[in-house]
Amino acid sequence: QVQLVELGGGLVQAGGSLRPSCAASGSISSISTLGWYRQAPGKKRELVASITSGGVTKYPDSVKGRFTNSRDNEKTPVYLQKKSLKPKDTAVYYCNAKIAIFGSTHYYDYWGQGTQVTVSS
């Protein structure tokens, strides 16, 4: 069984920084893309950062220049450095990973339980 666990959310003032992490455990053969999504109350879940196994990152314009996604190796943990946070960044942040388990060549989506980030003005 594969699990993704996020740590490091919390309450921060506008302009502050957070660096949540996501770690995977279980019978993992390999991990391709790791991503972070967020969902604010009443809104759809949106992608805020992704990183491939080769280290290629991708960000939407809303967070570009403020969020940085990084990983130590081909697996996890993966970190989402967030700086210059704004109240509109308030949301539950979810880690997502495309993982192949031992004995399989297929990659499946796995999700963490989410971590709340609240930015006060």
Going through 63, 48, 78 one at a time, which residue ends up being at pLDDT 95 or above, buried (at least 19 other Cβ atoms within 10 Å of the Cβ) and not small (Gly, Ala, Ser)? 48
Checking residue 71 against (1) on the phi > 0 side of the Ramachandran plot; (2) open to solvent by less than 50 Å² (accessible area, probe 1.4 Å); (3) not β-branched (Val, Ile, Thr), only one condition comes out false. Which one? (1)
Matching residues, region 81-110, being farther than 25 Å from residue 27 by Cβ and of a type in the set (A, V, I, L, M, F, W, C): 85, 91, 92
Residues located in region 90-121, provided they are more than 17 Å from residue 50 (Cβ to Cβ), open to solvent by 70 Å² or more (accessible area, probe 1.4 Å) and in contact (Cβ under 8 Å) with a residue 60 or more places away in the chain: 102, 103, 113, 116, 121
Flag for residue 39 being polar (S, T, N, Q), surrounded by fewer than 12 Cβ atoms within 10 Å (Cβ to Cβ) and under 18 Å from residue 22 (Cβ atoms): no
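The values are calculated or read from the model by the stated rules, or taken from the named source; none is laboratory data. Everything quoted here is computed from the prediction, not taken from an experiment. Glycine gets a Cβ as well: all are built from the backbone with ideal geometry, and neighbour counts include every protein chain shown. In case anyone asks, the SASA skips ligands and DNA or RNA and just uses the protein heavy atoms, side chains included. Shrake-Rupley method; radii C 1.70, N 1.55, O 1.52, S 1.80 Å.
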